[in-house]
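Here is the structure we will look at.
Every read-out reported here was derived from the displayed coordinates using simple, explicitly stated rules and does not represent laboratory data. Because the structure is predicted, anything quoted here is derived from the model rather than measured. As a convention, Cβ positions derive from the backbone with ideal geometry for all residues, glycine included, and neighbour counts pool all protein chains shown.
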Amino acid sequence: MNSDRPAQPLDVLRPRNVGAPIRRTEDPRLLTGRGEYSADRKPDRPLHLAFLRSSQAHARITRIDTAAALASPGVVEVLTAESIVKDFKPVIPFSRMTNYYATPILPLAAGKVRYVGEAVAAVIATSRYLAEDALELIEIDYEPLGAVSRPEFAVTEGAPLLHDAAGTNVLVAREFKKGDVASDSKAAAVRVGGRFEVTRKAPLAMEPRSYTVEYEKRRDAITLYTSSNIPGIVRDAISESLDLPGHRLRVVAPDVGGSFGSKGSLYPEEILICIAARRLRRSLKWTADRLEDISSSSQAFAEIVDAEMGFDANGIAISLQADVIGDVGAYSIYPWTCGLEPVQVVSFLPGPYKIASYRGAVRGVATCKPPTGPYRGVGRPISTFVTERLMDLGAKALGIDPLEIRRRNLVRPEEFPYRIASGIIWDRTGFVECLDAAAETAGYRELRSLQADARKQGRLFGIGIASYAELTGIGSRIAVAPGMPINTGSETAKITIDSTGAITAAFGVASHGQGLETTLAQIVADDLGARFEDVRVIQGDSDEVPMSTGSYASRSAVLGGGAAKHACRILSEKIKRVASHLLEANQDDIEVFGGKAIVLGTDRAVTFRQIAKAVYSDMKTLPVKAREELSATYTYDPINGTTAAATHIAAVEVDPATCFVRIVKYVVAEDCGRIINPLIVDGQVHGGVAQGIGAALFEELVYDDDGQLLSASLIDYVIPSAPEVPNMEVVHVESESGVEGGFRGMGEGGTIGAPAAIANAIADALSPLGIEVSLLPMTPERIFRLMEQAKLKSRGKSR
Amino acid sequence: MSAKISVIVNGEKYDVPGVEPRLLLSDFLRDTLGLTGTHVGCEHGVCGACTVLVNGDSVRSCLMFAIQVDGSEITTVEGLGTPEELNVLQAQFREHHGLQCGFCTPGMLMTGEDLLRKYPLATDEDIREGLSGNLCRCTGYQNIVAAIRSAATKRSEKAS
Ligand code: FES
Ligand code: FES
């Protein structure tokens, strides 16, 4: 737009930034070590916190002696539940769900401990080294109450109760029902089913949880810098708990080193560090070491699903039933509750399929482990694993190709909006289009003939498909977590042009790697008519907008983007009004783009800077009434939200000697609506799939029957490294959604599809041996055992 | 008991008295010198986020004590390019979207620098092998591999 040629309407209407692979605004600072994560804050002479954590799974605390620790060099204070009792109110993860018991959240364990790793006491010292030295001097006596480790044991009669007041270890129970499952199942031509399990995972962001609280003497105020993706929720909860108004409690999520859900709940340590800052009137720092992070951050998945699907003779799924036990750990988390993960499994189990009748029952069971919480995909990696396994089992039983059986059951384009049997409504999304695109890109037919050749040579080669749908960017009609009272359905954008002409767009979302500073600026630049590089996006700061929550549930592009578009519209009208004075033109003849207001068809233009000057600094040019502040705030609520969908196809080869699974091909065809930045979208898919690969093949938090964590280091908890992750091909079926901007959420999908696709591929590879896959991760050891059992069985038969 | 150590970090000389023998190199860089670009992801030598170059070789700064580097020359991520002028590898990370949250990135860059200097990296498998001691939870590695590949190509173009 540098030429002097008069602007034409077409130039203005063509979006320049949305859809373009724009390099990220965040990168220069993050690539040069100039980013600022919570642990990088350098407040004046901060004190350091260290936590003494429970070594017991379930025990009464009978004595704590902190005298020796208090006398240790550099120690300023030692806090226990007793010493802080007057400093806060417990935070309750409330929900309107029936059959739900909300366990209160306390900064330090009071009376008893319920998992190994729960914080019992906190040492505050002048350095982290000295604080950790003093931990060893604290004496605690425990009276064991009996560990509850396996969820099947937790629900048995006589199992020790974690929360006496609940009267049971079942913290939440729900049932979804539609139609007459029993009779449909009876009428089915084939029934397939089994017991499926996905073990406990750690979201494992590379940055451990980290908090720095900065005390401001002048105002007796505190700012909490937190590695959180929900700074707004944290602000509101701590404000209430500590009885501190929002203007004296600011919560900022600066650069955050990944979350994937593990930093998406309120943590006891966040409350404690604020309590300590207020008591001591000092700034403090705490960063978890890796062991603390794995053993006290929210964990994931951990469900056992007994499921059965019935098909008619044509391969149409007609009935589905499931009983789910979710191992939710010792507490319900704030704000999502312990229902979030397991309830989501039953509400998404029918997936993108038209299954007539359904019954899904779920129990969330307390065990002596850290609470489960959100993890990329939430519930749907498990529901998709189960449903997609059942689809393949049905296909096998009926002799139908796995691709074909899905095509017969997916909701078709003309059938949207479609309400699935669990009650979720899918809006128009490319379900079948994704299936076809994935099959074409993967070369499905060729893969099958490769497989036939491989089998002739005795090689174990398999192909797996997984289709799924998810709800993203959900508005106020649906609570992100069942029955939760917090408003997760709206998002605010506040866009301002200041007296220098600079543009600042503030949001309540909180990026932790998704590049929202870039994508939201792309939207603002297009919709305001600004230059991309002139837009500064502020996010993750509770002081910037009156109410915010954060980034979770694949909401930020849809809600933040929608809010931005509305706010831009309002602000752009203001700009035009001013420009019409300055340019002496009719407002309708003015267009705004490239940081200027221009009279269409002429070369008359004013820059944002000139406009700002006229409005704010200049007392003569504009009539008083026309000096409207150049800012606009809009809170957007998409009401229902929108669907996102994908099909993943994986081809794997299992090495019969080492039992290692090699992924030879990986294809994702996904519909995330209008794409804001293709670089970022592909990056999200790659990362999500890599996490799904981890869940499918390697990752497992192992607790023994005494509730001790056996895989608390990165040596024992194995996440994929570069050699284990294949190259992925990602294709986009870009069907615009019905929400503002046509966007759909897409941050989580990769992790939803990958475990199922890989499980199906392994099952397909091992099918000549008669092996089924019903548990993830499929580690080499598990595959070895299954192969050994299969050998024994076939020997038994041939005898 | 504490010692005085002298180091050159990113070309600048530091004489630091009172260094405790147990102080980790990672903590020395971050807390004593204020160079917080070096990140700490595990403190047990697995994640690679803390990787720096000591006398030209990549090391995990969480597995070394500060006093061990007395008299050494250290390069951290702050010693590569600047935001205005990224170095070749940094620029390729940006070009190929090789970072998301940026937490593993300093370690990836320092390992990448080491690989580019020492190995031919003939295939992408070589790059992946070379990165196997650096964990990233965000990117799925694909774009990191692409960035290093492209930096390798640019370096060999320059060299020829
Ligand atoms: S922090 Fe040094 S290897 Fe992880
Ligand atoms: S970019 Fe987040 S861990 Fe690598």
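See the values below:
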item	result
For the range B:21-61 and the range A:352-381, distance of Cα centres in Å	40
Estimated 222 nm signal from helices in the protein assembly as shown, with DSSP H stretches of n ≥ 4 weighted -39500 (n - 2.57), rounded to 500	-8500 deg cm²/dmol
Within the protein assembly as shown: Cβ-based charge dipole about Cα centre, in debye rounded to nearest 20 (Lys, Arg +1; Asp, Glu -1)	1060
Modelled FRET efficiency - R0 35 Å, residue B:153 with residue A:453, Cβ distances, 0.05 increments	0.50
Local electrostatic count, residue A:641, Cβ distance below 14 Å [Lys/Arg +1, Asp/Glu -1]	-2
FRET E, pair residue A:664, residue A:705, Förster distance 41 Å, beta-carbon r, rounded to 0.05	0.60
Inter-site label distance for residue A:314 and residue A:790 at 7 Å from Cα along Cβ, in nm	3.4
Distance violations [Cα-Cα > 27 Å] among A:42/A:565; A:263/A:354; A:217/B:4; A:42/A:613; A:665/B:154; A:263/A:369	A:42/A:565; A:263/A:354; A:217/B:4; A:42/A:613; A:665/B:154
Proximal lysines to residue A:793, defined as alpha-carbon separation beneath 23 angstrom and excluding residues fewer than eight positions away on the same chain	A:396, A:456
Counting DSSP beta bridges with both ends in the protein assembly as shown, the antiparallel % (nearest 5)	80
Within 10 Å of each Cβ in B:87-98, the average number of Cβ atoms from other chains	4
Calculated on alpha-carbon atoms, Rg and Dmax of chain B in Å	15.8, 53
Other protein chain Cβ atoms within 10 Å, averaged over every residue that makes up A:507-515	2
Relative exposure of A:170, A:535, judged by other C-beta atoms within 10 Å (fewest first)	A:170, A:535
Kirkwood Rh (inverse of mean 1/r, distinct Cα pairs), the range B:88-159, angstrom	11.8
Cβ-derived FRET efficiency at R0 51 Å, residue A:446 paired with residue A:68, nearest 0.05	0.10
DSSP-loop GluC sites (Glu not before Pro) across the range A:143-180, with at most 10 other Cβ within 10 angstrom	A:157
Inter-label distance for residue A:153 and residue A:425, nm, one decimal - labels placed 7 Å from Cα along Cα-to-Cβ	4.6
Added length on full extension, which subtracts the Cα-Cα distance from 0.36 nm per residue, residue A:577 to residue A:92	169.7 nm
Cut-off of 10 Å, at most 16 other beta carbons, DSSP loop: longest stretch of chain B lacking such GluC sites (Glu not before Pro)	B:1-83
Cβ-based net charge around residue A:254, under 14 Å, with every Lys or Arg adding one and every Asp or Glu removing one	-2
DSSP-assigned coil residues among trypsin sites (Lys or Arg not before Pro) in the range A:113-217, each with at most 11 further Cβ atoms within 10 Å	A:217
The range A:466-545: trypsin sites (Lys or Arg not before Pro) falling in loop per DSSP and having at most 15 other Cβ within 10 Å	A:477
For the range A:420-575, the Rg and Dmax computed from alpha carbons only, in angstrom	22.1, 75
DSSP-defined antiparallel bridges as percent of all bridges, the range A:622-772, nearest 5	75
Point-to-point label distance, residue A:621-residue A:143, nm (Cα→Cβ direction, 7 Å offset)	7.9
